[in-house]
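> Before I ask anything, here is the structure I am working with.
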Amino acid sequence: MISIRRHNSSHLIDAKRDGLIRAKNLLIQTRNGEVLAKKLTSNVSGMVNRGVVVLLPGIATDGNLFRINTQTGELYVVDNYESFANFLTSLGFTVYIYHPSYSDRVSNRYVARHCKESRYYGQVRDVDSTLSFDRLVFGELIEFLAAVRRDAEIKNLFLVGFSQGGLAAAAYEAATRDLEVGKIAILGSPFCLKENPYLSLYFMPFINSVNTLSMAFSLEEHALAGLVTEKLGPTSTFFRLLPAQFFDYNPLADLLYWPPNMKPEVTKTMTTRVLEPIPAAETQQFLYFINEGRFTSMPKNGLIKYDYLALMENLGSAVKTRWLFVSGEHDRLATEDTVLAGKAAIERGGGSAEHLSVPTGHNDMVNGMENVKELVGAWLLAA
């Protein structure tokens with residue numbers, strides 16, 4: 001049985017409770033635990049209701065990715081429309097922000113301390129090492145969207161996913177053939193990674209060295225890599241002590257965002273307040289995805305193996321969902337060809353898909369000084 005608990009708290013949520021936007025918490029109880037959703041609605045009288053948008057964050061981040069003020073780096077502000085989520089709310093959409101259950105900061109620094117109605121109030125939870133991308137899609141996300149529909153009292157939804165969030169939206173639709181998802185916007189999501197030269201240059205040498213250590217200590221391959229990624233959230237606290245200018249010299253900047261389009265204050269917020277652990281099973285699946293060269297599931301996760309790209313192609317023209325694929329001209333993680341692989345799968349099946357190329361890198365597609373919130377908003381509003 002899936003249930004919803006509504007909860008409001010004045011702690012650490014919103015900088016101004018009577019702002020342009022009303023923010024509420026939904027504590028969604030699922031068979032696998034509890035997931036927090038943030039619900040944003042307009043506080044402006046006479047605003048026309050444009051429908052429901054669900055925002056799905058990328059890997060190693062929580063849903064606050066969509067709440068960062070792109071000019072100042074502030075979070076939880078409800079008296080302006082600078083953040084991605086706030087802007088969509090200003091257009092009349094009811095916005096639900098998904099915080100995946102691996103969101104350690106959200107669970108242990110907010111829910112456990114301030115949400116007395118939570119079943120985990122006062123408890124510290126460890127990251128579930130067995131939580132893979134497949135489990136997120138086939139368990140948590142299905143239950144999350146069902147709960148959102150009940151709360152909103154509406155069946156038709158729009159999904160907007162960034163990076164892994166876009167992959168999750170695509171996998172969900174491909175596997176469930178949900179006829180009541182009207183539009184899906186895929187932002188900087190790579191549907192194939194094996195041929196990405198930047199991953200070969202930056203990421204894979206690091207992972208290979210970690211795997212060598214794993215085997216040297218008689219651990220399962222990728223076990224140490226999973227341990228490292230599960231500690232991303234706690235270790236990032238150190239960076240809060242550093243000045244914002246330090247983040248101009250991030251050695252991974254070229255891979256994660258396009259530096260000319262990202263203010264250091266925003267990068268600091270991303271690193272110190274939004275970065276989350278990556279469960280070990282999800283790390284393993286990400287590496288499997290790279291090695292396979294296609295967007296597929298992992299059979300060892302207790303599920304049959306799904307070729308998500310093939311399922312997307314098999315949606316055909318009977319499923320009327322409209323798709324938007326957005327790639328960044330400076331994105332070295334989700335290069336244009338890896339994004340277009342998803343669009344091609346939809347079109348091979350006769351589905352409707354559009355593509356936009358924008359002058360951004362990866363994370364700055366959502367949080368850069370120039371980002372895609374207006375383009376996505378206009379696309380969602382279009383008939």
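The values are calculated or read from the model by the stated rules, or taken from the named source; none is laboratory data. Everything quoted here is computed from the prediction, not taken from an experiment. In this analysis, Cβ positions are derived from the backbone assuming ideal geometry, glycine residues included, and neighbour counts consider all displayed protein chains.
> Being over 19 Å from the mean Cα position of the chain (by Cα) and assigned to a strand (DSSP E or B) is the filter here, so list the residues in the range 320-354 that pass it.
Arg322, Ser352, Ala353, Glu354
> Let me ask something else about it. Considering (1) touching a strand residue (DSSP E or B) at 6+ places or on another chain (Cβ under 8 Å); (2) not in a strand (DSSP E or B), say which one Gln123 fails and leave the rest.
Answer for Gln123: the failing condition is (1).
> I'd like the residue in the range 157-201 that is in contact with a helix residue (DSSP H, G or I) (Cβ under 9 Å, 6 or more places away or on another chain) and of a type in the set (S, T, N, Q) and, out of all such residues, is modelled with the lowest pLDDT.
Per the criteria, the residue is Asn196.
> Starting from residues that are more than 15 Å from Thr30 (Cβ to Cβ) and modelled with pLDDT of 90 or more, keep the ones in the range 118-130 and report whichever is surrounded by the most Cβ atoms within 10 Å (Cβ to Cβ).
Restricting to residues being more than 15 Å from Thr30 (Cβ to Cβ) and modelled with pLDDT of 90 or more, the top hit is Tyr121.
> Kindly indicate which of Arg125, Arg150 is farther than 18 Å from Ile184 by Cβ, out of contact with any helix residue (DSSP H, G or I) (no Cβ under 8 Å at 6 or more places or on another chain) and basic (Lys, Arg).
Arg150
> Counting just the residues of the range 40-70 that are over 30 Å from Phe191 (Cβ atoms) and either assigned to a strand (DSSP E or B) or touching a Lys or Arg at 6+ places or on another chain (Cβ under 7 Å) (or both), which one comes out modelled with the lowest pLDDT?
Ranking the qualifying residues of the range 40-70, first place goes to Asn43.
> Let me ask something additional. Working only within the range 338-373, note down all residues that are hydroxyl-bearing (Ser, Thr, Tyr) and either closer than 25 Å to Ala60 by Cβ or out of contact with any Phe, Trp or Tyr (no Cβ under 8 Å at 6 or more places or on another chain) (or both).
Those that are hydroxyl-bearing (Ser, Thr, Tyr) and either closer than 25 Å to Ala60 by Cβ or out of contact with any Phe, Trp or Tyr (no Cβ under 8 Å at 6 or more places or on another chain) (or both): Thr338, Ser357, Thr360.
> Further, regarding this structure: Using the structure shown, decide if Met312 is assigned to a helix (DSSP H, G or I) and within 20 Å of Asp104 (Cα to Cα).
For Met312, the condition - assigned to a helix (DSSP H, G or I) and within 20 Å of Asp104 (Cα to Cα) - is not met.
> I'm checking my understanding of the structure. Among residues of the range 359-383 that are surrounded by 19 or more Cβ atoms within 10 Å (Cβ to Cβ) and of a type in the set (A, V, I, L, M, F, W, C), which one is nearest to Arg67 (Cα to Cα)?
Val366
> Looking only at the range 250-296, which residues are outside any helix (DSSP H, G or I), touching a Lys or Arg at 6+ places or on another chain (Cβ under 7 Å) and either among the hydrophobic types (A, V, I, L, M, F, W, C) or farther than 20 Å from Asn196 by Cβ (or both)? Break it down stepwise before answering.
At the first step, the residues of the range 250-296 found to be outside any helix (DSSP H, G or I) are 250-252, 257-258, 262-263, 275-279, 293-296.
Remaining after also requiring touching a Lys or Arg at 6+ places or on another chain (Cβ under 7 Å): 276-277, 293, 296.
Correct list: Glu276, Pro277.
> Read through the list (1) surrounded by fewer than 19 Cβ atoms within 10 Å (Cβ to Cβ); (2) touching a strand residue (DSSP E or B) at 6+ places or on another chain (Cβ under 7 Å), then give the number of the only condition that Lys343 fails.
(1)
> May I pose another question? Being surrounded by 19 or more Cβ atoms within 10 Å (Cβ to Cβ) and under 22 Å from the mean Cα position of the chain (by Cα) is the filter; apply it to the range 305-319 and report the residue that is farthest from Asn371 (Cα to Cα).
By that ranking, first place goes to Tyr306.
> Within the range 355-365, can one find any residue that is of a type in the set (A, V, I, L, M, F, W, C), within 23 Å of Leu88 (Cα to Cα), out of contact with any Cys (no Cβ under 9 Å at 6 or more places or on another chain) and part of a helix (DSSP H, G or I)?
Yes - at least one qualifying residue is present in the range 355-365.
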